[in-house]
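What follows is a set of notes on a single structure, which appears directly below.
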């Protein structure tokens, strides 16, 4: 005996597609495209179209979809089936309790980066650091502004300079500073790595960066969402993935105040090499910090007090 069709209770007889039918169809389409969590993402996309929470869809399974909603949903599902990142489709991503607008001009903020932000904020809070009053912090390669905005949010006495080579990325970052209420304490500068800091004058308590660190030969093996959609300028760092760490380690000390520090996010397995670069550049008290998954994810080093 054939099994009963799962979608039957949700069908509107001789009418438009229902919420339940649309979800089932989208789930199958996303799963066939290799999307890992097809069921949940199908729900998030439909909730976005309907302007509700994903959990609310359970009680609406028999509700018919208006033709325009059905068409919009189909278009979004097709984009996700092409492995466009969900965050670019929805237009936002959460990072450290804040909401960031994201576009294909910027990397999508990831939990990995929280390790660097948390370590930096801990070093800049209390004691001699806080006693200095206003703290000047630089975020190099700001992208969406995730580091700069999070630091400004967590440290009300911080003034942050956010640098990026891409004017499109800076526009997104500036919008995120406004959306999160820190636009008055984050300045945006276009330029190559640390060059804009010379124009700012003075020195910084901390220089932070999540630079490109993917090797050229690793690109082909990345997930399609990263390889085909996120900006290559923010991903690739030469044959060994260390090109930007070399420059930061060499150039940053001149812009740090006594006792100030350089902190960077690193890729899996890169921490020992980056820590060695920091020591070779004369940075002191070099520390490697883990993320929530136990991966060595941030390297920090200070100049002499």
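Bear in mind that the values in this text are calculations on the coordinates, not laboratory data. Please read these numbers as outputs of a predicted model, since none were measured by experiment. Every residue, glycine among them, receives a Cβ derived from its backbone with ideal geometry; neighbour counts consider all protein chains shown.
Tabulated data
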read-out: Region 8-82 shape via C-alpha gyration tensor axes, a/c threshold 1.5; value: prolate
read-out: Rounded to 5, the percent of DSSP beta bridges in the chain classed as antiparallel; value: 40 percent
read-out: Likely footprinting exposure, 112, 139, fewest C-beta neighbours within 10 Å first; value: 112, 139
read-out: Degrees, to the nearest 10: 38-50 long Cα axis against longest axis of the chain; value: 80 degrees
read-out: Over the chain, relative contact order from alpha-carbon pairs under 8 Å, at least 6 apart, %; value: 14 percent
read-out: Values of log10 I(q)/I(0), in the order q = 0.17, 0.18, 0.25, 0.26 Å⁻¹, for region 229-303 under a Debye, Cα-only, solvent-free model; value: -0.64, -0.71, -1.16, -1.21
read-out: GNM flexibility winner over the chain from 254, 237, 177 (Cα, springs under 10 Å); value: 254
read-out: Nitroxide proxy distance, nm - points 7 Å out along Cα→Cβ at residue 287 and residue 190; value: 3.7 nm
read-out: In degrees, nearest ten, helix 271-280 long axis to first principal axis of the chain (Cα); value: 20 degrees
read-out: Tilt relative to the chain, helix 167-179 - C-alpha long axis, 0 to 90 degrees, to 10; value: 80 degrees
read-out: Alpha carbon centroid spacing (whole Å) that separates region 170-194 from region 73-91; value: 27 Å
read-out: Top of 239, 37, 192 by mean-square fluctuation, Gaussian network on the chain, Cα under 10 Å; value: 37
read-out: Separation of alpha-carbon centers, region 207-228 and region 14-71, rounded to whole Å; value: 32 Å
read-out: Rg/Rg_ref, region 103-302, where Rg_ref = 2.2 N^0.38 Å and atoms are Cα; value: 0.95
read-out: Proxy reagent accessibility, fewest Cβ within 10 Å first, across 96, 223; value: 223, 96
read-out: Relative contact order of region 183-251, defined on C-alpha pairs under 8 angstrom at six or more residues apart (%); value: 35 percent
